[in-house]
Amino acid sequence: MNDGPYDVAIIGGSFAGLTAALQLGRASRRTLVFDAGAPRNRFSPAAHGVPGWDGTPPGEILGRFRSDLAAYPSVQIQADRVVQVDGRQDAFSVETDGGDRVSARRIVLAHGVRDILPDIPGLAENWGRTVLHCPYCHGYEVRDRPLAVLATGPMAAHQAQLLRADWSEAVTLLTAGMGGFDADALTKVGVKVDPRNVKAVRSDATGLALTLSDGAPMAVAALFLGPTASIAETPAEHLGCALADGPMGPYVQVGPMGQTSVPGVFAAGDLARPAPNVNFAIADGTQAGIGCHASLVFPDFVQPLQQEVAA
Ligand SMILES: Cc1cc2nc3c(=O)[nH]c(=O)nc-3n(C[C@H](O)[C@H](O)[C@H](O)COP(=O)(O)OP(=O)(O)OC[C@H]3O[C@@H](n4cnc5c(N)ncnc54)[C@H](O)[C@@H]3O)c2cc1C
């Protein structure tokens, strides 16, 4: 392959990364997108809440994003995992699992996060189908049926209240022995609070058959929970980007141009915000693509995040 220098290397070719590439391709900037091919919502049969694509399989949406990019000869997409990034602005070096090493003047991080689910038999197998993370993405499909929320942190109370308000009259918060929930307030708004945990999950014709910690069965249409989102051992961590603490885990801090604290490094999508959403990832990718392009044209205009905060 041509080994550069590229104007931009984008790490992650899903909703955020491909959108950043589109902005850069339309400026005819030499851009290489690396993608390991595992978007976060790949477990779901359909993505929801995305205008124009509501109910479409995520892979189909991304296929269309890739075919749009085929019109821009300055953009290449390589199916490969980035294992190391080092260097500095104007001279980054990117190394892949496949053994390639390329140089690039700017980096856009769009590699998403890794979901860490509770270690419960059957749970991972149903993730994205009937074990769900977000009422807005998947609540409508299970509305008006019994739902449970498994507490993995304090946001579980918020999720249970949301679901009870507009998706189902039968919502149980399984606190799994976790303290800090205001049971009276939750009961008042119609959420049933139950201290048990989930021991096993099995899908059946009507939804999910849960086995609770005391062995009792519970039938629900879906189980909601918030996974821990990890960016450990990723390019964002290798580069030392400043992080913020989110309710699900740390995320990369970005400024209004999508710039991180590291000069020449931009970030977009789930790795750069506390909550996941395809529309936000697309918006972030637009911002990072344009911000990254602006920094190539006006290097002094886009300052890294910390310098901007200190000014
Ligand atoms: C189960 C589930 C269902 C969801 N459903 C919806 C929904 O219906 N509607 C909605 O709006 N949102 C939904 N979301 C959220 C949505 O999936 C994310 O907001 C969105 O995928 C974020 O896009 P992204 O481009 O930031 O990251 P991702 O889509 O996660 O893509 C990151 C890409 O980078 C690649 N990558 C990772 N590391 C490397 C590396 N080192 N080198 C190269 N490539 C790498 C990955 O393989 C992947 O292709 C859902 C999330 C989950 C978990």
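Condition check ((1) crowded, with 21+ Cβ neighbours inside 10 Å; (2) within 11 Å of the ligand (Cβ to nearest atom); (3) modelled with pLDDT under 95; (4) in a loop (DSSP other than H, G, I, E, B)) across all residues:
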site	(1), (2), (3), (4)
129	no, yes, no, yes
136	no, yes, no, no
144	no, no, no, yes
149	yes, no, no, no
153	no, no, yes, yes
156	yes, no, no, no
161	no, no, no, no
169	no, no, no, yes
180	no, no, yes, yes
query = Has the stretch 68-75 got at least one residue that is in a helix (DSSP H, G or I) and assigned by TED's automatic domain parsing to the domain that holds residue 241?
reply = yes
ask   = Counting just the residues of the stretch 235-272 that are within 12 Å of the ligand (Cβ to nearest atom) and at pLDDT below 95, which one comes out farthest from residue 202 (Cα to Cα)?
value = 238
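Just to be sure, is residue 55 at positive phi and either free of Cβ contacts under 8 Å to residues at least 12 places away in the same chain or surrounded by fewer than 24 Cβ atoms within 10 Å (Cβ to Cβ) (or both)?
On the way: at positive phi: yes; either free of Cβ contacts under 8 Å to residues at least 12 places away in the same chain or surrounded by fewer than 24 Cβ atoms within 10 Å (Cβ to Cβ) (or both): yes.
Here the answer is yes, as residue 55 does meet what is asked.
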inquiry  = Based on this model, can you work out whether residue 123 counts as modelled with pLDDT of 95 or more, open to solvent by less than 40 Å² (accessible area, probe 1.4 Å) and within 18 Å of residue 224 (Cβ to Cβ)?
reply    = yes
task = Go through the stretch 1-43 and count every residue that is over 18 Å from the mean Cα position of the chain (by Cα), surrounded by 21 or more Cβ atoms within 10 Å (Cβ to Cβ) and assigned to a loop (DSSP other than H, G, I, E, B).
result = 1
task = Would you check if there is a residue in the stretch 234-252 being in the same structural domain as residue 306 (by TED's automatic domain parsing), outside any loop (DSSP other than H, G, I, E, B) and either farther than 29 Å from residue 112 by Cα or of a type in the set (Ser, Thr, Tyr) (or both)?
result = yes
task = Might you check whether a residue that is more than 8 Å from the ligand (Cβ to nearest atom), part of a helix (DSSP H, G or I) and surrounded by fewer than 17 Cβ atoms within 10 Å (Cβ to Cβ) occurs anywhere in the stretch 98-119?
result = no
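Which residues, counting only those in the stretch 280-294, are open to solvent by 50 Å² or more (accessible area, probe 1.4 Å) and either within 11 Å of the ligand (Cβ to nearest atom) or of a type in the set (Gly, Ala, Ser) (or both)?
So the first thing to find is which residues in the stretch 280-294 are open to solvent by 50 Å² or more (accessible area, probe 1.4 Å), and the list is 280, 283, 287, 290, 293.
Across the stretch 280-294, the qualifying residues are 280, 283.
Among 225, 243, 239, 271, which is in contact with a strand residue (DSSP E or B) (Cβ under 6 Å, 6 or more places away or on another chain) and open to solvent by 50 Å² or more (accessible area, probe 1.4 Å)? Give the steps one after another, and end with the answer.
Details: 225 fails: open to solvent by 50 Å² or more (accessible area, probe 1.4 Å); 239 fails: open to solvent by 50 Å² or more (accessible area, probe 1.4 Å); 271 fails: open to solvent by 50 Å² or more (accessible area, probe 1.4 Å).
Of 225, 243, 239, 271, the one residue that is in contact with a strand residue (DSSP E or B) (Cβ under 6 Å, 6 or more places away or on another chain) and open to solvent by 50 Å² or more (accessible area, probe 1.4 Å) is 243.
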task = Among the candidates 62, 69, single out the residue that is open to solvent by less than 30 Å² (accessible area, probe 1.4 Å) and within 13 Å of the ligand (Cβ to nearest atom).
result = 62
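The values are calculated or read from the model by the stated rules, or taken from the named source; none is laboratory data. Computed from a predicted structure; not experimentally measured. All Cβ positions, even for glycine, are placed from backbone atoms using ideal geometry, and neighbour counts span all protein chains on display. We work out accessible area using only protein heavy atoms, side chains counted, and drop any ligands, DNA or RNA first. Shrake-Rupley method; radii C 1.70, N 1.55, O 1.52, S 1.80 Å.
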